[in-house]
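Since the structure comes first, as structure tokens, the remarks are kept for the end.
Laboratory data are not the source of any read-out in this text; all were calculated from the coordinates shown. All of these numbers come straight from a predicted model, not from anything done at the bench. Here the Cβ is made from the backbone with ideal geometry for all residues, glycine too, and neighbour counts use every protein chain on show.
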Amino acid sequence: TRVAAIAALLIPLCTLAPANAWAVDSDDALTLASQQVSSVSGGIGSIKQAVQRSQAARTPAQQIADAELLIGAKDYDRAATLLNQVIEKNADHPTAYPDALALLGEVYFRSNQLWSARRVFQKIAASSSDPRFSSYLSKSLARLVDIAMRKRDEALLTEVIASIDQAPASATTLLAYA
């Protein structure tokens, strides 16, 4: 009964199998697999080259825009990596360097890497005499106040207050909430 039921199931399956099924011997299988691996390996090199070309061809402004998209997606690690690359390669750029530095500080702040954010915002505050950083000074000082309050760092707060006192009036008008 049970054997008959199993036989009834197996008979239709046997009729579906091809009459001339064959297996590949091990040498042929190894050769075929090696060819396929070589083909894939060759493709990986060209993919890496295409990625490198696309990264090299992107302007600092485009890379910063990419970082802003990553920030919007809350992919802070990749945004920080991209912004660090912009900062390293464009230290003399009139807009890319300060834009990337300010955005990097914001990335660190939003990802709760407050000590890293502090370091970046302090760098911006220390560059207050450089006109490239003037539009970022007030936000940097405000973020430094936030960090000092969150970390209960009285020394940092004292330092930031001294920086606020030395900052131009245009930078301190936006600090009312801090």
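Across segment 109-139, the qualifying residues are those that are under 16 Å from the mean Cα position of the chain (by Cα) and more than 22 Å from Thr158 (Cβ to Cβ), and the one among them that is surrounded by the fewest Cβ atoms within 10 Å (Cβ to Cβ) is Asn112.
Residues in segment 128-159 that are over 17 Å from Pro94 (Cβ atoms) and outside any helix (DSSP H, G or I): Arg152, Asp153. Scanning segment 72-115 for residues that are more than 18 Å from Ile147 (Cβ to Cβ) and hydrophobic (A, V, I, L, M, F, W, C) yields Ala73, Ala79, Leu82, Leu83, Val86, Ile87, Ala91, Ala96, Ala100.
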